[in-house]
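The values are calculated or read from the model by the stated rules, or taken from the named source; none is laboratory data. Because the structure is predicted, anything quoted here is derived from the model rather than measured. For neighbour counting, all protein chains shown are included, and Cβ atoms are generated from backbone atoms with ideal geometry for every residue, glycine included.
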Amino acid sequence: MKRILLGIALAFAGLAALYATGMISGEALAFGTFISAVSFLLYADRKHISREGVMFMRRTKKGMEIIDKIARLSPRFWNIIGYAGVGMAVIISIFIVSLLAETAYRIFTKQAGAGGAGIILPGPVSSPISVPGIFIVPWWIWIIGIIAVVVPHEMMHGILCRANKVRIKSVGWAFFLFVPAAFVEPDEKQLSKSKTLTKLKVYAAGSFANIAVAGMIAMLLMSQSGAFTQAGMAFPVIKDSPAFNSSLSGAIISIDGASVRSPEELKGILDSKLPGDAVTVGLSEIRNNQLTPLFSGFFPSNAGVIVDGRQKYVNVTLGENNGTAYLGVFLGGSAPAYITTLPDIAIGAYMLLFWIYTFSFGVGLFNLLPMKPLDGGPFFQEIISKYTPHAEKITKYVSIAMAMLVLFNLFGVYLVP
């Protein structure tokens, strides 16, 4: 044990030294510290932890009584939830397969704006980074998002088991490498002998919980949409352009007193000018550069930056591009700029809730793909077993097809020439 602890201490000391010399960022130091802490906890509790491949699992009986009590409060209510979950699962399974197939077709035919699915991964970054197939978010947001997904997901599996008198063998927590998770382990033999509807309710329960959480967060964030008012547009500045040479920074609020609320409005203003004209550009400093989505419905839209609302004015002499007036901002990379009454801490909470929504909704949908080992796999197999004796074999082939479809959605943009 002393050697293990010494190794963890040396790893942390090495990270601290790298941070002190400026070779790594504070985010990288915090990420490394988290990994070191997880390693220490796993080792310290090693007598109660079993390793299954790269998964470390800590089984316990604690928590089973809580699940039992919740299930006993109203078995009828939970079974109604179970029926709703089954109906939702059928609809979403069809929807998510159709969506992935459509997206794969758009990628294959190289349609404009086609983009596939993305894996959300943690990283030592201060703001999200997106590349095709991968979305990297700050590690602490990722950890909170995973916990917010796993806990209600597994709890609902357990509650539906107990509401239908299926035994739970154990509950506990697990780590897949350093990824935290929770689990509820039902008596598989008893579950396999249960009625079809009971099994379907149990399989669908986790995703139902995730989508329910996403729905509640969406309603909460919708209630805050009135706190954001569009003030202008943020545009990337093109190097060596009039905007670049005039040191334009922040969001464009107006040009010569005419408001700018969209790329089309900016283009319309510039079309009325001539090369060489001097214009006065109204700007507002960006307060939060991370794109903040607004919820006017269940799905977020109109993601934009937050500005402080104060304006400054810069005089710019327009250049010339193909005979037209040229400012030098990239219209295609624009984003709305919002003024908000929310303080910084509330904006931080808003964004955290958005990420929990994203994790919950994304996992809820993905988990219902007809593919093992996802819940959608046994759900699909149980349904088709009523119509064919080859349900297990069909599910195996469907799972392979779904895996290929998912992989093409993730990395197809790299494969299509």
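Can we say Leu369 is surrounded by 15 or more Cβ atoms within 10 Å (Cβ to Cβ) and part of a helix (DSSP H, G or I)? In short, no.
Set side by side, the residues Leu318, Leu294, Leu274 differ, and just one is crowded, with 16+ Cβ neighbours inside 10 Å and either without any contact (Cβ under 8 Å) to a residue 24 or more places away in the chain or more than 34 Å from the chain's Cα centre (by Cα) (or both), which is Leu318.
Against the list (1) free of Cβ contacts under 8 Å to residues at least 40 places away in the same chain; (2) of a type in the set (Phe, Trp, Tyr); (3) not in a helix (DSSP H, G or I), the condition Tyr397 fails is (3). Reported count of residues in segment 301-310, each being crowded, with 19+ Cβ neighbours inside 10 Å and not small (Gly, Ala, Ser), is 3.
Within segment 254-264, restricting attention to residues that are over 12 Å from Phe235 (Cβ atoms) and of a type outside the set (Gly, Ala, Ser), which residue is surrounded by the fewest Cβ atoms within 10 Å (Cβ to Cβ)? Among those that are over 12 Å from Phe235 (Cβ atoms) and of a type outside the set (Gly, Ala, Ser), it is Glu264.
Across segment 113-130, the qualifying residues are those that are under 15 Å from Tyr414 (Cα atoms) and out of contact with any strand residue (DSSP E or B) (no Cβ under 7 Å at 6 or more places or on another chain), and the one among them that is modelled with the highest pLDDT is Ser130. The residues of segment 372-413 that are of a type in the set (Gly, Ala, Ser) and either outside the structural domain of Lys195 (by TED's automatic domain parsing) or crowded, with 21+ Cβ neighbours inside 10 Å (or both), listed by number, are Gly376, Gly377, Gly412. Kindly check whether there is at least one residue in segment 305-324 that is within 20 Å of Ser241 (Cα to Cα) and small (Gly, Ala, Ser). Yes, segment 305-324 has at least one match. Within the set Val166, Val171, Val179, the sole residue that is modelled with pLDDT under 90 and either over 30 Å from Trp142 (Cβ atoms) or buried (at least 17 other Cβ atoms within 10 Å of the Cβ) (or both) turns out to be Val171. Being in contact (Cβ under 8 Å) with a residue 40 or more places away in the chain, under 22 Å from Asn210 (Cα atoms), assigned to a helix (DSSP H, G or I) and not acidic (Asp, Glu): is that true of Phe95 here? So Phe95 fits the description; yes. If I filter segment 335-355 for residues that are among the hydroxyl-bearing types (Ser, Thr, Tyr), at pLDDT below 90, touching a Leu at 6+ places or on another chain (Cβ under 9 Å) and part of a loop (DSSP other than H, G, I, E, B), do I get at least one hit? No, segment 335-355 has no match at all.
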